[in-house]
Each structure stands twice: as structure tokens, then as C-alpha cells.
Amino acid sequence: MVNYISNEPIKLLKMAEWEEVRRLNGILTQEKSIYLQIKEMIENDILRDILLEEERAPSTNELAKLYAINPATAGKGINLLVEEGILYKKRGIGMFVAAGAKQRIMAERKAHFYSDYVRSLMAEAKSLGITKQELIAMILQSEEGGLTDE
């Protein structure tokens, strides 16, 4: 099979590969800077245990090839993770996930969740005259939360 515009061969993907490409392309088409999206994708992979502590992370060249982006852009996202202590470099081998990276990412995201969502939720509830007890009751009766009791 060939591309009707460029007349180049089209690689046929397995269904799982196609779904992954669609998912990744969707992420990279958002308005956020690509290097920030690369950073978030690696963080998400760490949170979902796709990348484990002390495991090698994708290189800037691998990311550049996978997403068809400039290696410097991928490197910028990787360097942010190095600065935050999420990744570290083993000279001549590559980047690796640091011990405690998952906990650091979760702590940072929980703090952002509080400042981005909980504060505004409380402010809106207050403006509507909803008490904390009423708000808690609303949350508890919500079936869509999917939260655990931990």
C-alpha cells in the first residue's frame, strides 16, 4: 500500500500500534508546548508503572523519532525531569527513572490538584451557600468519582 500523495510505502500497523499512535498524536496536537507534553507523558508512564524505578527511560532520539519532533525539543522535556530529580543520567548508557520518582510526581500532582480544583470548588461552594458537610455529602453520593477509600 502506498500514500496517494507522496507515493511512499505506508507501514501497516497492528491495531494496538495504531491505537497507541492515535493516542500519542492526540496528545501532541494540544496547545501546550511539545516539550511539556513529552515531560507529562513520561511522568504518566511512571505513574502507571510502565516505566519503573531504575529502568531506562526513552532517549531523546527515540522520542524524536517516535513523535517526529526535533531531538532538542525532546531533550528539553527530559531535562526538566532531570532537574526535578525524576530522571538521572548514567553516562554512556542513557536516562533512568530515579528512586522515589513516582512518589514525587504524585505529591506534585496532588498539590496541583488542590490548588487547581479544590480551592476553586470551595470558593464556588461558599458563594452558593453550600456547607462543607453538604459538599462532602455530594461527593460521597457521586457514583462517577471512582475514588478509593484509602
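Points to keep in mind about this one:
- Loop sites in segment 43-127: GluC sites (Glu not before Pro), DSSP, at most 16 other Cβ within 10 Å: E53, E54, E55, E84
- Positive contributions from Lys and Arg (+1) and negative ones from Asp and Glu (-1), summed over other residues with Cβ under 12 Å from the Cβ of F96, come out at +1.
- When the pairs K32/K65; K65/K110; K39/K102; K39/K110; K32/K126 are compared against a 22 Å limit on Cα-Cα distance, K65/K110; K32/K126 fall above it.
- Pair I50, L36: separation of 7 Å Cα→Cβ label points (nm): 2.0
- Dimensionless Rg ratio for segment 36-98, taking C-alpha atoms and the 2.2 N^0.38 Å reference: 1.00
Values quoted throughout were computed directly from the atomic coordinates according to the rules given, and no laboratory measurement underlies them. What you see is a predicted model, and the numbers here were worked out from it, not measured in a lab. FYI the Cβ positions are ideal-geometry reconstructions off the backbone, even for glycines, and counts take in every protein chain you see.
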